[in-house]
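Notes to accompany the following structure.
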Amino acid sequence: MRKTFEYEIQQLKDNILTLGSMAEQALLDSVDALKHRDIPRSQEIYDNDDLINAKRFEVENAVMVAIATQQPMAHDLRLLASILDIAGELERMGDYAKGIAKINIIMGEQKLLKPLVDLPLMAEKTVDMLHRALTAFIEEDLNAAKSIPTEDDVVDALYTQIYQELITYVIADPTGIERSNWLLWAAHNLERVGDRVTNICERTVFIATGELDQTDTSN
(Lines give C-alpha, C1' and ligand atoms only; values in the text may rest on other atoms or scores of the structure.)
Protein backbone atom coordinates (compact mmCIF):
# COMPACT_ATOMS: atom_id res chain seq x y z
CA MET A 1 0.00 0.00 0.00
CA ARG A 2 2.83 2.40 0.85
CA LYS A 3 4.53 1.83 -2.49
CA THR A 4 1.24 2.47 -4.26
CA PHE A 5 0.77 5.70 -2.31
CA GLU A 6 4.31 6.83 -3.05
CA TYR A 7 3.66 6.21 -6.74
CA GLU A 8 0.46 8.27 -6.57
CA ILE A 9 2.34 11.11 -4.88
CA GLN A 10 5.02 11.07 -7.56
CA GLN A 11 2.38 11.13 -10.27
CA LEU A 12 0.75 14.13 -8.61
CA LYS A 13 4.07 15.95 -8.39
CA ASP A 14 4.72 15.24 -12.06
CA ASN A 15 1.30 16.60 -12.95
CA ILE A 16 1.95 19.75 -10.91
CA LEU A 17 5.17 20.27 -12.88
CA THR A 18 3.27 19.75 -16.12
CA LEU A 19 0.60 22.23 -15.05
CA GLY A 20 3.31 24.67 -14.00
CA SER A 21 5.03 24.34 -17.36
CA MET A 22 1.74 25.03 -19.13
CA ALA A 23 1.20 28.17 -17.07
CA GLU A 24 4.78 29.36 -17.56
CA GLN A 25 4.58 28.96 -21.33
CA ALA A 26 1.20 30.65 -21.52
CA LEU A 27 2.48 33.66 -19.60
CA LEU A 28 5.60 34.08 -21.72
CA ASP A 29 3.71 33.52 -24.98
CA SER A 30 0.91 35.92 -24.06
CA VAL A 31 3.34 38.78 -23.44
CA ASP A 32 5.37 37.96 -26.54
CA ALA A 33 2.21 37.90 -28.67
CA LEU A 34 1.20 41.27 -27.23
CA LYS A 35 4.64 42.71 -27.89
CA HIS A 36 4.55 41.61 -31.54
CA ARG A 37 0.78 42.21 -31.93
CA ASP A 38 0.29 38.60 -33.01
CA ILE A 39 -3.48 38.30 -32.64
CA PRO A 40 -3.87 34.73 -33.99
CA ARG A 41 -1.31 33.57 -31.46
CA SER A 42 -3.19 35.36 -28.68
CA GLN A 43 -6.40 33.65 -29.77
CA GLU A 44 -4.64 30.29 -29.53
CA ILE A 45 -3.40 31.09 -26.01
CA TYR A 46 -6.91 32.22 -25.05
CA ASP A 47 -8.46 28.98 -26.34
CA ASN A 48 -5.79 26.75 -24.81
CA ASP A 49 -6.66 27.97 -21.32
CA ASP A 50 -9.24 25.17 -21.33
CA LEU A 51 -6.34 22.69 -21.31
CA ILE A 52 -4.88 24.31 -18.19
CA ASN A 53 -8.27 24.17 -16.49
CA ALA A 54 -8.69 20.51 -17.39
CA LYS A 55 -5.25 19.68 -16.01
CA ARG A 56 -6.08 21.40 -12.75
CA PHE A 57 -9.26 19.36 -12.34
CA GLU A 58 -7.34 16.20 -13.17
CA VAL A 59 -4.93 16.96 -10.33
CA GLU A 60 -7.76 17.81 -7.94
CA ASN A 61 -9.59 14.56 -8.67
CA ALA A 62 -6.43 12.53 -8.13
CA VAL A 63 -5.79 14.28 -4.80
CA MET A 64 -9.32 13.56 -3.58
CA VAL A 65 -8.98 9.89 -4.53
CA ALA A 66 -5.66 9.65 -2.70
CA ILE A 67 -7.10 11.22 0.43
CA ALA A 68 -10.14 8.93 0.36
CA THR A 69 -8.27 5.71 -0.30
CA GLN A 70 -5.00 6.23 1.57
CA GLN A 71 -6.20 8.24 4.60
CA PRO A 72 -2.89 10.14 4.87
CA MET A 73 -1.76 11.85 8.04
CA ALA A 74 0.77 14.51 9.10
CA HIS A 75 3.30 15.29 6.34
CA ASP A 76 1.47 13.32 3.65
CA LEU A 77 -1.81 15.06 4.33
CA ARG A 78 -0.11 18.48 4.27
CA LEU A 79 1.50 17.56 0.97
CA LEU A 80 -1.78 16.53 -0.63
CA ALA A 81 -3.57 19.63 0.67
CA SER A 82 -0.76 21.77 -0.73
CA ILE A 83 -0.90 20.08 -4.12
CA LEU A 84 -4.60 20.90 -4.20
CA ASP A 85 -3.88 24.53 -3.38
CA ILE A 86 -0.95 24.89 -5.79
CA ALA A 87 -3.01 23.46 -8.65
CA GLY A 88 -5.47 26.28 -8.04
CA GLU A 89 -2.70 28.87 -7.98
CA LEU A 90 -1.34 27.62 -11.31
CA GLU A 91 -4.79 27.61 -12.89
CA ARG A 92 -5.23 31.24 -11.89
CA MET A 93 -1.87 32.08 -13.47
CA GLY A 94 -3.22 30.55 -16.64
CA ASP A 95 -6.17 32.92 -16.32
CA TYR A 96 -3.75 35.84 -16.11
CA ALA A 97 -2.10 34.71 -19.35
CA LYS A 98 -5.54 34.37 -20.92
CA GLY A 99 -6.30 37.91 -19.78
CA ILE A 100 -3.18 39.27 -21.45
CA ALA A 101 -4.08 37.39 -24.63
CA LYS A 102 -7.56 38.94 -24.47
CA ILE A 103 -6.02 42.41 -24.29
CA ASN A 104 -4.19 41.82 -27.55
CA ILE A 105 -7.36 40.52 -29.18
CA ILE A 106 -9.43 43.50 -27.97
CA MET A 107 -6.84 45.97 -29.26
CA GLY A 108 -7.36 44.69 -32.77
CA GLU A 109 -5.50 46.82 -35.28
CA GLN A 110 -4.61 49.59 -32.83
CA LYS A 111 -0.93 50.20 -32.23
CA LEU A 112 0.70 49.78 -28.85
CA LEU A 113 0.95 52.99 -26.86
CA LYS A 114 4.68 52.34 -26.53
CA PRO A 115 7.21 49.61 -27.30
CA LEU A 116 7.14 46.92 -24.63
CA VAL A 117 10.37 46.69 -22.63
CA ASP A 118 9.58 46.34 -18.93
CA LEU A 119 6.53 44.14 -19.46
CA PRO A 120 8.55 41.29 -21.04
CA LEU A 121 11.13 41.69 -18.26
CA MET A 122 8.32 41.37 -15.74
CA ALA A 123 7.10 38.20 -17.44
CA GLU A 124 10.57 36.67 -17.49
CA LYS A 125 11.11 37.46 -13.81
CA THR A 126 7.78 36.07 -12.62
CA VAL A 127 8.16 32.91 -14.70
CA ASP A 128 11.69 32.40 -13.38
CA MET A 129 10.42 32.78 -9.82
CA LEU A 130 7.56 30.37 -10.52
CA HIS A 131 9.88 27.75 -12.00
CA ARG A 132 12.18 27.87 -8.99
CA ALA A 133 9.25 27.89 -6.57
CA LEU A 134 7.92 24.67 -8.10
CA THR A 135 11.38 23.11 -7.91
CA ALA A 136 11.55 24.09 -4.24
CA PHE A 137 8.13 22.52 -3.73
CA ILE A 138 9.09 19.23 -5.36
CA GLU A 139 12.37 19.05 -3.43
CA GLU A 140 10.83 20.51 -0.25
CA ASP A 141 13.66 23.03 -0.21
CA LEU A 142 12.80 25.18 2.79
CA ASN A 143 15.58 27.72 2.25
CA ALA A 144 14.60 28.38 -1.36
CA ALA A 145 10.93 28.60 -0.42
CA LYS A 146 11.74 31.30 2.11
CA SER A 147 14.08 33.29 -0.14
CA ILE A 148 12.18 33.36 -3.44
CA PRO A 149 9.31 35.58 -2.18
CA THR A 150 11.81 38.33 -1.33
CA GLU A 151 12.39 38.71 -5.07
CA ASP A 152 8.80 39.86 -5.53
CA ASP A 153 10.07 43.36 -4.76
CA VAL A 154 11.70 43.35 -8.21
CA VAL A 155 8.35 42.54 -9.82
CA ASP A 156 6.61 45.25 -7.82
CA ALA A 157 9.28 47.77 -8.82
CA LEU A 158 8.81 46.94 -12.50
CA TYR A 159 5.05 47.35 -12.11
CA THR A 160 5.52 50.76 -10.50
CA GLN A 161 7.91 51.78 -13.26
CA ILE A 162 5.42 50.74 -15.94
CA TYR A 163 2.61 52.59 -14.18
CA GLN A 164 4.60 55.81 -13.87
CA GLU A 165 5.75 55.66 -17.47
CA LEU A 166 2.21 55.11 -18.74
CA ILE A 167 1.02 58.10 -16.73
CA THR A 168 3.56 60.32 -18.51
CA TYR A 169 2.29 59.10 -21.89
CA VAL A 170 -1.31 59.86 -20.96
CA ILE A 171 -0.42 63.31 -19.68
CA ALA A 172 1.32 64.04 -22.96
CA ASP A 173 -1.54 62.63 -25.02
CA PRO A 174 -4.86 62.00 -23.19
CA THR A 175 -6.25 60.17 -26.24
CA GLY A 176 -3.96 57.26 -25.32
CA ILE A 177 -5.68 56.53 -22.01
CA GLU A 178 -7.46 53.40 -23.24
CA ARG A 179 -4.28 51.91 -24.69
CA SER A 180 -2.50 52.85 -21.47
CA ASN A 181 -5.09 51.01 -19.41
CA TRP A 182 -4.67 47.88 -21.51
CA LEU A 183 -0.94 47.76 -20.83
CA LEU A 184 -1.49 48.50 -17.16
CA TRP A 185 -3.97 45.62 -17.01
CA ALA A 186 -1.35 43.30 -18.49
CA ALA A 187 1.24 44.49 -15.98
CA HIS A 188 -1.22 43.99 -13.13
CA ASN A 189 -1.78 40.39 -14.22
CA LEU A 190 1.95 39.73 -14.06
CA GLU A 191 2.19 41.43 -10.67
CA ARG A 192 -0.45 39.01 -9.39
CA VAL A 193 1.61 36.08 -10.67
CA GLY A 194 4.40 37.19 -8.36
CA ASP A 195 1.98 37.19 -5.44
CA ARG A 196 0.84 33.66 -6.24
CA VAL A 197 4.42 32.46 -6.44
CA THR A 198 4.73 33.65 -2.84
CA ASN A 199 1.68 31.55 -1.96
CA ILE A 200 3.30 28.46 -3.48
CA CYS A 201 6.44 29.05 -1.45
CA GLU A 202 4.37 29.40 1.70
CA ARG A 203 2.83 26.01 0.96
CA THR A 204 6.29 24.48 0.71
CA VAL A 205 7.15 25.89 4.11
CA PHE A 206 3.86 24.47 5.41
CA ILE A 207 4.71 21.00 4.14
CA ALA A 208 8.11 21.06 5.79
CA THR A 209 7.18 22.70 9.10
CA GLY A 210 3.45 22.36 9.55
CA GLU A 211 3.22 26.13 9.90
CA LEU A 212 1.25 28.21 7.40
CA ASP A 213 1.77 31.94 7.01
CA GLN A 214 -1.64 33.60 7.23
CA THR A 215 -0.66 36.53 5.01
CA ASP A 216 -2.01 34.90 1.85
CA THR A 217 -1.71 37.28 -1.12
CA SER A 218 -4.16 35.67 -3.50
CA ASN A 219 -7.23 37.64 -2.46
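Evaluate the following for ARG132: is it farther than 16 Å from MET22 by Cβ and under 13 Å from the mean Cα position of the chain (by Cα)?
On the way: farther than 16 Å from MET22 by Cβ: yes; under 13 Å from the mean Cα position of the chain (by Cα): yes.
For ARG132, the condition - farther than 16 Å from MET22 by Cβ and under 13 Å from the mean Cα position of the chain (by Cα) - is met.
Go through region 188-201 residue by residue and tally those that are surrounded by 22 or more Cβ atoms within 10 Å (Cβ to Cβ) and of a type outside the set (Lys, Arg).
The qualifying residues number 8.
Given ILE177, ILE138, which one is over 22 Å from LEU51 (Cα atoms), touching a helix residue (DSSP H, G or I) at 6+ places or on another chain (Cβ under 6 Å), without any contact (Cβ under 8 Å) to a residue 12 or more places away in the chain and surrounded by fewer than 17 Cβ atoms within 10 Å (Cβ to Cβ)?
Matching residue, one of ILE177, ILE138: ILE177.
Look through region 1-50, keep the residues that are over 15 Å from the mean Cα position of the chain (by Cα) and hydrophobic (A, V, I, L, M, F, W, C), and return whichever of them is farthest from LYS114 (Cα to Cα).
MET1
Which one of these does VAL63 not meet: (1) surrounded by 16 or more Cβ atoms within 10 Å (Cβ to Cβ); (2) more than 17 Å from ARG203 (Cα to Cα)?
VAL63 satisfies all of (1) surrounded by 16 or more Cβ atoms within 10 Å (Cβ to Cβ); (2) more than 17 Å from ARG203 (Cα to Cα) except (2).
Output the residues belonging to region 87-104 that are aliphatic (A, V, I, L, M) and within 15 Å of VAL197 (Cβ to Cβ). Lay out the reasoning, then the answer.
Looking only at region 87-104, we keep the residues that are aliphatic (A, V, I, L, M), and these are 87, 90, 93, 97, 100-101, 103.
Once the filter is applied, which keeps residues that are aliphatic (A, V, I, L, M) and within 15 Å of VAL197 (Cβ to Cβ), region 87-104 yields ALA87, LEU90, MET93, ALA97.
Those residues that are under 27 Å from GLN11 (Cβ atoms) and among the hydroxyl-bearing types (Ser, Thr, Tyr), I need them from region 33-80; list them, please.
THR69
Only one of these conditions is not met by ALA87: (1) without any contact (Cβ under 8 Å) to a residue 60 or more places away in the chain; (2) under 16 Å from the mean Cα position of the chain (by Cα); (3) under 30 Å from GLU8 (Cα atoms); (4) surrounded by 15 or more Cβ atoms within 10 Å (Cβ to Cβ). Which number is it?
Of the numbered conditions (1) without any contact (Cβ under 8 Å) to a residue 60 or more places away in the chain; (2) under 16 Å from the mean Cα position of the chain (by Cα); (3) under 30 Å from GLU8 (Cα atoms); (4) surrounded by 15 or more Cβ atoms within 10 Å (Cβ to Cβ), the odd one out for ALA87 is (1).
At least 1 residues that are among the aromatic types (Phe, Trp, Tyr) in each: list the helices (runs of 4 or more DSSP H) lying fully within region 115-219 that qualify.
It comes to 118-139, 152-172, 177-209.
Does GLU211 meet the test of being more than 30 Å from LEU77 (Cα to Cα) and either over 23 Å from the mean Cα position of the chain (by Cα) or without any contact (Cβ under 8 Å) to a residue 24 or more places away in the chain (or both)?
no
If you go through region 155-174 one residue at a time, do you hit one that is more than 30 Å from HIS75 (Cβ to Cβ), surrounded by 15 or more Cβ atoms within 10 Å (Cβ to Cβ), among the aromatic types (Phe, Trp, Tyr) and modelled with pLDDT under 95?
Yes: region 155-174 contains one or more residues that are more than 30 Å from HIS75 (Cβ to Cβ), surrounded by 15 or more Cβ atoms within 10 Å (Cβ to Cβ), among the aromatic types (Phe, Trp, Tyr) and modelled with pLDDT under 95.
The values are calculated or read from the model by the stated rules, or taken from the named source; none is laboratory data. These numbers come from a predicted model, not from an experiment. Positions of Cβ are generated from backbone atoms using ideal geometry, with glycine treated the same way; all protein chains shown enter the neighbour counts.
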